[in-house]
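One structure below.
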Amino acid sequence: MLAKVMSSAVIGVDGVPIEVEVDITLGLPMFATVGLPDGAVRESKDRVKAAIGNSGYEFPNKKITVNLAPADVKKSGSAYDLPMAVGILAAAGIIQGPLHTQYCIVGELSLDGAVRPVSGILPMTLAAREQGLQGIIVPEANKTEAAIVAGIDIIPVKFLHQAVEFVAGAMTISPFAIDERTLFADPGGFAVDCDDVKGQEYVKRALEIAASGGHNILMKGPPGSGKTMLARRLPTILPDLSFEEALETTKIYSIVGSLPPERVLLASRPFRSPHHTISDAGLIGGGANPRPGEVSMAHNGVLFLDELLEFKKHVLEVLRQPLEDGKVTIARANTTVSFPARFILVVALNPCPCGFLGDKRNSCRCNPGQIQRYESRLSGPLLDRIDMHLHVPAVPFHEMSSLKKGESSRRIRERVVTTRDIQKIRFKDRPHLHCNSQMGPKEVEKYCALDARSLQLLEKGIERLRLSARAYHRILKIARTIADMDNQERIQSPHIAEAIQYRRMSNTENG
């Protein structure tokens, strides 16, 4: 007898429908799984057999063939345990009626029949809704995450027998629902604040510009000058996530299985700070079954690379594509997937191996060869993709010992939100653009027009600093953001002058 049960897989960040076909025929007892299953899926037959027996059902002592269609999509993970078990019981005649075809079913089974949580529930639920299914049967532990998606019934189950009785019509389980807007309205606070930072007014001004326009930023200075402290406070001045952005980011964390247990919807912008020993696959994503890396985990948030030049050079070079395109494309022999990776990049580095080159209070112990080798770890093309380059000097003692508090993150964020609102209005007909840093050449030409004086000033700056065409466009974007902060419709020469000074460290870069 043949039975079909709907399930789901995750490819990239999207769920795709999977049809679990179970055929039971006379023959030597065996259990075969086909349809490009990986090791975890092939092992499911032992879990399914034990779970069915320990749940009080008789496992068919016949030839069982399970096909996961479409057969050209790689199947991975343990989420097919529950639909396979339901399909076997339906094919054996224990479950009667067509009700099970109206629901997507996902879940891992333990040997005693308990249903365990799985990763990727959010994109699977979205896929089930797009399919027009009535509902989705999920593990109890995943119910809140699935309920973020409106317009589809969420049926939570703790044990296999509950799922069987529900699809057989012998048990009624009320759909689980939550008010996702209530979850979204409680993002929680930050443990840090910009008023903790003493001095560094020039750098804090640059961080506000970066937050207002979504610009990448590089901070270079001696140890202890506050580079890490400043970077960790950038998320506190960024605008709150929109619901659509929160859903995008939560999908990525759902796939990786990194959602905090107390929060099923990420309402705060992520801040990722990987260690410098990270691999290129860990940073950009990858693996036999490609998974998101740190650049995708930082989507709609901040990626902070501390001690930048301690990272392996080939690891840093993989940042070029996401910085340009806002996404990562990973190609494998049997599949190609794309992960979103639109983030603000913040990097911090010392000026030399000892860290005190140019410091007035400490003498540098590095010879010219050591400094040259140290600086050569950062390529010109990567440096060229970072919008703002800042020198962060050591903080004088009188500023460190001052009891005067700096400006709070709340006040800075209010100004940032006002500036972002100006950009929302500007890009209302371009939904793919969210801030000035994402403008392409056409938008730069339209929204960054200069008068003769500003154009002459920009030309002098480009020639004196020997900047590339990419740097030219990035200066215009920064100037556009500064003009927005001043609520000016047109870019003025002071805006260009300030934008140019944020590229002064670029005079040694290569295109």
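The values are calculated or read from the model by the stated rules, or taken from the named source; none is laboratory data. What you see is a predicted model; the values in this text were computed from it and never measured. A quick note on method: Cβ atoms are made from the backbone with ideal geometry, for glycine too, and the neighbour counts reach across all protein chains shown. What goes into the accessible areas is simple: the full protein's heavy atoms, side chains included, and nothing from ligands, DNA or RNA. Shrake-Rupley method; radii C 1.70, N 1.55, O 1.52, S 1.80 Å.
Residue under question is A333, and the condition is that it be without any contact (Cβ under 8 Å) to a residue 40 or more places away in the chain and part of a helix (DSSP H, G or I); does it hold?
Judged against the criteria, A333 is not a match.
Every residue in the range 280-296 that is surrounded by fewer than 23 Cβ atoms within 10 Å (Cβ to Cβ) and under 23 Å from L238 (Cα atoms), please.
Once the filter is applied, which keeps residues that are surrounded by fewer than 23 Cβ atoms within 10 Å (Cβ to Cβ) and under 23 Å from L238 (Cα atoms), the range 280-296 yields only E294.
Only helices (runs of 4 or more DSSP H) wholly contained in the range 1-106 count here; list those with 2 or more residues that are within 22 Å of Q134 (Cα to Cα) and of a type in the set (V, I, T).
81-91
Against the definition (among the hydrophobic types (A, V, I, L, M, F, W, C), under 15 Å from the mean Cα position of the chain (by Cα) and modelled with pLDDT of 95 or more), how does V302 come out, yes or no?
Spelling it out, V302 is indeed among the hydrophobic types (A, V, I, L, M, F, W, C), under 15 Å from the mean Cα position of the chain (by Cα) and modelled with pLDDT of 95 or more.
Considering each residue of the range 311-340, count those that are closer than 30 Å to A71 by Cβ and either open to solvent by 40 Å² or more (accessible area, probe 1.4 Å) or hydroxyl-bearing (S, T, Y) (or both), and give that number.
Of the residues in the range 311-340, 9 are closer than 30 Å to A71 by Cβ and either open to solvent by 40 Å² or more (accessible area, probe 1.4 Å) or hydroxyl-bearing (S, T, Y) (or both).
Output the number of residues of the range 107-118 satisfying the condition of being buried (at least 22 other Cβ atoms within 10 Å of the Cβ) and either in a loop (DSSP other than H, G, I, E, B) or at pLDDT below 95 (or both).
Number of matching residues: 3.
What residue, among those in the range 137-156 that are among the β-branched types (V, I, T) and in contact with a Lys or Arg (Cβ under 7 Å, 6 or more places away or on another chain), is nearest to Y80 (Cα to Cα)?
By that ranking, first place goes to I154.
In the range 210-247, what count of residues is obtained for those that are assigned to a helix (DSSP H, G or I), of a type in the set (G, A, S) and out of contact with any strand residue (DSSP E or B) (no Cβ under 7 Å at 6 or more places or on another chain)?
Residues flagged as assigned to a helix (DSSP H, G or I), of a type in the set (G, A, S) and out of contact with any strand residue (DSSP E or B) (no Cβ under 7 Å at 6 or more places or on another chain) within the range 210-247 amount to 4.
Just to be sure, is L133 surrounded by fewer than 24 Cβ atoms within 10 Å (Cβ to Cβ) and either modelled with pLDDT of 95 or more or of a type in the set (A, V, I, L, M) (or both)?
The answer is yes for L133.
Here are some residues: C364, C352. Which one is without any contact (Cβ under 8 Å) to a residue 24 or more places away in the chain and open to solvent by less than 10 Å² (accessible area, probe 1.4 Å)?
On inspection, the qualifying residue turns out to be C352.
Going through the range 63-78 one residue at a time, which ones are open to solvent by less than 10 Å² (accessible area, probe 1.4 Å) and either hydrophobic (A, V, I, L, M, F, W, C) or without any contact (Cβ under 8 Å) to a residue 12 or more places away in the chain (or both)?
Across the range 63-78, the qualifying residues are I64, V66, L68.
Residues to consider are L378, L467; find the one that is touching a Lys or Arg at 6+ places or on another chain (Cβ under 7 Å) and surrounded by 13 or more Cβ atoms within 10 Å (Cβ to Cβ).
Of the residues listed, the single one that is touching a Lys or Arg at 6+ places or on another chain (Cβ under 7 Å) and surrounded by 13 or more Cβ atoms within 10 Å (Cβ to Cβ) is L467.
Among the residues of the range 482-505, which ones are closer than 16 Å to A449 by Cβ and within 31 Å of the chain's Cα centre (by Cα)?
I482, A483, D484, A499
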